[in-house]
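Working notes for the structure below.
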Amino acid sequence: MARMLFVNTYVNDVVAAKEFFGALGFTFNDQFSDDSTICMVVNELTCVMLMTPDRFQGFIADEMCDTATAREALLCISADTRDDVDRIVETALERGGTKWMEPQDHGFMYGRAFRDPDNHVWEVMWMDPAVAAGEAPAEAATAG
């Protein structure tokens, strides 16, 4: 059986978070969602649990990170193409996200990042499928 991953973090408004991430193309599992938590589906084995601060605090024994001034994690999702990277990040920026760091373009790998409305950093990355499979980069991916 494949191992699943559940990332847990907090957001100030679960309704607004659902609207924001829904606009980026994510879906939600209502079976694991309620008024204080939404379950954002990344794929069949990965979910991000977005909770109200009070709900999240109930799961931890220490303080929550102030995402306005510090990073608790860098969340990175893959995209199918370079254009998808740009589309996802531009949609995030249009929906209230903010720019974070400069784009990284290594030819065979391209990424950009944004902060969501709760200041969590999300990186969006595309990698040449040949490189991901351990092969040499495809010609088109290495051309400038």
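The values are calculated or read from the model by the stated rules, or taken from the named source; none is laboratory data. Fair warning: this is a prediction, and the values are worked out from it, not measured in the lab. FYI the Cβ positions are ideal-geometry reconstructions off the backbone, even for glycines, and counts take in every protein chain you see. Note: areas computed on protein heavy atoms with side chains; ligands, DNA, RNA excluded. Shrake-Rupley method; radii C 1.70, N 1.55, O 1.52, S 1.80 Å.
Summary of computed values
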read-out: Scope region 1-32; condition under 20 Å from residue 67 (Cβ atoms), among the hydrophobic types (A, V, I, L, M, F, W, C) and in a loop (DSSP other than H, G, I, E, B); matching residues; value: 11, 24, 26
read-out: Residue among 47, 39 that alone is without any contact (Cβ under 8 Å) to a residue 60 or more places away in the chain and within 12 Å of the chain's Cα centre (by Cα); value: 47
read-out: Any hit, region 47-60, residues being outside any helix (DSSP H, G or I), open to solvent by 80 Å² or more (accessible area, probe 1.4 Å) and of a type outside the set (Gly, Ala, Ser); value: yes
read-out: Some residue of region 97-108 being among the aromatic types (Phe, Trp, Tyr), assigned to a strand (DSSP E or B), within 16 Å of the chain's Cα centre (by Cα) and at pLDDT 95 or above; value: no
read-out: Count of region 120-144 residues which are open to solvent by less than 40 Å² (accessible area, probe 1.4 Å), modelled with pLDDT under 95 and over 17 Å from residue 86 (Cβ atoms); value: 2
read-out: Index of the failed condition, residue 35 passing every other in (1) open to solvent by less than 80 Å² (accessible area, probe 1.4 Å); (2) at pLDDT 95 or above; (3) not in a helix (DSSP H, G or I); (4) not polar (S, T, N, Q); value: (1)
